Amino acid sequence: MAPVGSGHRDRWITIQHLSESQDASHYPVESWATLTQVWAAKTDLRGLERFVFSADQQSAPYDTRWEIPYRPDMDPELVEIPKKRGLVVRGRVHEIVAAEEVGRKRGVLLMTLSGGLVE
């Protein structure tokens, strides 16, 4: 797949990172904080549904693909992106389920599932 030109990145998105700390009783606490905001290209892929036999319901392996400029803190080979990063667009959270590098550090593709609204 050819990388998307910067002129096609027309969505302003927020990338969040998972922060792990401890509360006063030393219990682990996870929270999300803004890592950065970047322009992204969005491609809807809702037609790629598959049947999940264990739950007897349809679900998509992912429903949207986003391409962002390459960033070292978003490199799929250096960061476990699906566990450590999140994507928010206009108040809607998208769960990152996969990521891959485009070319040689030309961009990063993020495959997401649409989630709920940020409260």
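The values are calculated or read from the model by the stated rules, or taken from the named source; none is laboratory data. Only a predicted model underlies this, so the values are computations on that prediction, with no experimental measurement involved. Note that we place each Cβ from the backbone using ideal geometry, even for glycine, and neighbour counts take in every protein chain shown.
Which residue is surrounded by the most Cβ atoms within 10 Å (Cβ to Cβ), if the candidates are limited to the range 26-48 and must be modelled with pLDDT under 90 and touching a Phe, Trp or Tyr at 6+ places or on another chain (Cβ under 8 Å)?
LEU45
Is there any pair with a first residue in the range 65-93 that is within 14 Å of THR34 (Cβ to Cβ) and a second that is assigned to a helix (DSSP H, G or I) and acidic (Asp, Glu) whose Cβ atoms are under 9 Å apart and which are 6 or more apart or on different chains, and what are they?
Cβ pairs passing all conditions: ARG85/ASP73.
At pLDDT below 85 and touching an Asp or Glu at 6+ places or on another chain (Cβ under 9 Å): which single residue out of ASP63, ASP56, ASP23 fits that description? Don't jump to the end; show me each part of the working.
Working: ASP56 fails: touching an Asp or Glu at 6+ places or on another chain (Cβ under 9 Å); ASP23 fails: touching an Asp or Glu at 6+ places or on another chain (Cβ under 9 Å).
Of ASP63, ASP56, ASP23, the one residue that is at pLDDT below 85 and touching an Asp or Glu at 6+ places or on another chain (Cβ under 9 Å) is ASP63.
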